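The values are calculated or read from the model by the stated rules, or taken from the named source; none is laboratory data. Quick caveat, the model's predicted, so the values are computed rather than measured. Reconstructed Cβ throughout: ideal geometry from the backbone, glycine too, with neighbour counts over all protein chains shown.
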Amino acid sequence: MGDTGLEFIQFGVASGVVLLVVDSPLATHLRIRPSHAVTEAVPLLLVGVAYLAWLATERRPLVEMVKQVLIALAFILWGANLLMPPGHWAQFVGGVVIAVYVFDLAWLIEGNLRRQLRDSTDLEMADDNLRNQLAAGICCCGRSVAPSSTTHGHQHGPGDVIDGEVIHARFAGRQSQSVARG
């Protein structure tokens with residue numbers, strides 16, 4: 001994103017500070033009373049444009065890019081909405097902004113739930129693989145395990161590296177339980 005994009009961000013942050021001053025009790029002491037609608041709209045417009053400029057330089061998967069462009073447009077539309085005269089169009093644009101934010105949050109929640117489900121499934125698969133290895137007399141680190149023993153002579157803890165992978169705390173705890181069950 002070039003210097004222009006950075007300038008949009010800097011002006012956006014500066015205009016956000018101006019908005020805070022205009023909205024604060026200090027505003028009663030200002031000699032010039034700036035338009036409240038303009039001081040609210042400018043930071044939204046600037047950060048939306050800066051984000052669009054930055055996205056233009058990014059290479060992201062299509063769905064991710066669509067989500068990010070919608071958020072940038074929501075900021076721009078929100079800023080524009082604050083400058084619009086009251087009426088049906090202003091109400092419509094406000095509704096579009098709300099819908100985009102709701103859709104974005106729903107997408108975010110759905111993505112997090114999918115990630116948790118995938119991580120949980122991966123952990124269950126790792127547990128199954130560990131039980132199968134132990135049943136075959138092989139520890140996850142490759143050492144032999146006596147089929148009749150309840151321990152294999154060593155423990156793995158969180159942070160141990162096995163086959164280039166760091167053992168997670170949940171997995172390390174389940175490994176010792178699996179060995180005891182075996």
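Just to check your reading of the model, which residue among GLN68, GLN91 is at pLDDT 90 or above and either surrounded by 14 or more Cβ atoms within 10 Å (Cβ to Cβ) or within 23 Å of GLN10 (Cβ to Cβ) (or both)?
Criteria check complete, one pass: GLN68.
I need the full set of residues from segment 1-48 which are hydroxyl-bearing (Ser, Thr, Tyr) and at pLDDT 75 or above, in order please. So that I can check it myself, show each step before the final result.
Here is the first cut: in segment 1-48, the ones hydroxyl-bearing (Ser, Thr, Tyr) are 4, 15, 24, 28, 35, 39.
Once the filter is applied, which keeps residues that are hydroxyl-bearing (Ser, Thr, Tyr) and at pLDDT 75 or above, segment 1-48 yields SER15, SER24, SER35, THR39.
Search segment 22-45 for residues being in a helix (DSSP H, G or I), surrounded by fewer than 14 Cβ atoms within 10 Å (Cβ to Cβ) and aliphatic (A, V, I, L, M), and hand back the single one that is nearest to the chain's Cα centre (by Cα).
It comes out as ALA37.
Name, by its number, the condition in (1) under 19 Å from ASP104 (Cα atoms); (2) loosely packed, with under 13 Cβ neighbours inside 10 Å; (3) in contact (Cβ under 8 Å) with a residue 40 or more places away in the chain that does not hold for ARG60.
Evaluating ARG60 over (1) under 19 Å from ASP104 (Cα atoms); (2) loosely packed, with under 13 Cβ neighbours inside 10 Å; (3) in contact (Cβ under 8 Å) with a residue 40 or more places away in the chain leaves (3) as the failure.
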